[in-house]
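The next block holds one structure in the form of structure tokens; read it before the comments.
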Amino acid sequence: MRRTLGGLAYLAGLLYPVVEVVAASAWANGYSWSSNFISDLGLTQCVDLARGHVCSPQHLVFNTAFVLLGVLVALGSIALAPILTSRWRRPVLAVALLHAAGVVMVGLFPGSVIEAIGGDSRQMALHSAGTLAAIGGGNLLMLLAAVASWHTWKGYAVASASLLCVGLVGISLDTLGLDTHGPGAVQRITAYPVLAWLVLTGAAVLIGRPPLPSTSRGRARER
């Protein structure tokens, strides 16, 4: 039962792209998937900026989805913790909860990590901290998953490592300001791999193969 609930909770990663499309389609002046930041979809007020008019009518739907996703990931991680060996259980759970907390913060404190919309420095700081925890925690989680499952499920480990590499490329491009195709495009290279990994892990759990070493396998190996 725990495995099923945990797997379904992780599959909530499928919720995000649907909500993103809904929020983007509501823009009267058109949302640009490459030029607009992801966080523009969650801004609670309409503003005119040097880069154009930013107004997201479905910001409440978008931000609520972030909070819901974070809560589901946290609950799913707690439910799946028992399938891990004692060696990996605490570090994986801690990083998963850090990632989940960051996702919730992004939804609770919407804003732009680039521009101080509305001049609320406290909200901007919390939004930035949430983004850092969500992206950083998510990439660290993929690293732990790849390392922990390398000898027990090579296919899953390789898939996790591949998604991690894509995410790190996005982080590097974003950090260096190499957004030749637009900041929105680079942010999605950074964020989407984590979402894909959540779905991958949820599906792996539901089909009956533990994504990380099971407790029984871990004990057998320790002997």
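We did not get these values from a lab; they are worked out from the coordinates using the rules stated. The model shown is predicted, which means the values in this text are computed figures rather than measured ones. All Cβ positions, glycine included, derive from the backbone under ideal geometry; neighbour counts span all protein chains shown.
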Run the numbers for Leu15 and His181: contour at 0.36 nm per residue of separation, minus the present Cα-Cα distance, in nm.
57.2 nm
Would you mind checking which residues have amide H under 5 Å from Thr44's amide H? H placed 1.01 Å from N; only 5 or more apart, or other chain.
none
Please give the contour-minus-distance gain from Arg51 to Ala94: 0.36 nm per residue of separation, less the Cα-Cα distance, rounded to one decimal in nm.
11.6 nm
Compute log10 of I(q)/I(0) for the chain with the Debye formula, placing one identical point scatterer on every Cα and leaving out solvent, at q = 0.08, 0.13 Å⁻¹, to two decimals.
-0.30, -0.73
Length gained if Trp33 through Ser162 is fully extended, taking 0.36 nm per residue and subtracting the Cα-Cα distance, is 44.1 nm
Kindly express, to the nearest 10 degrees and within the range 0 to 90, the angle between helix 183-206's C-alpha long axis and the longest C-alpha principal axis of the chain.
30
Using only helices, what value at 222 nm comes out for the chain when you add -39,500 (n - 2.57) per DSSP H run of length 4 or more and divide by the total residues, to the nearest 500 deg cm²/dmol?
-22500 deg cm²/dmol
What angle do you read, to the nearest 10 degrees and between 0 and 90, between the alpha-carbon axis of helix 15-25 and the longest principal axis of the chain?
10
Can you pull out the cysteines in the chain that have no other Cys Cβ under 4.7 Å?
Cys165
Quick one: angle between helix 86-108 and the longest Cα principal axis of the chain, in degrees between 0 and 90, rounded to 10, please.
20
Compute the relative contact order of segment 2-222 as a whole-number percentage, counting only Cα pairs closer than 8 Å that sit 6 or more residues apart in sequence.
27
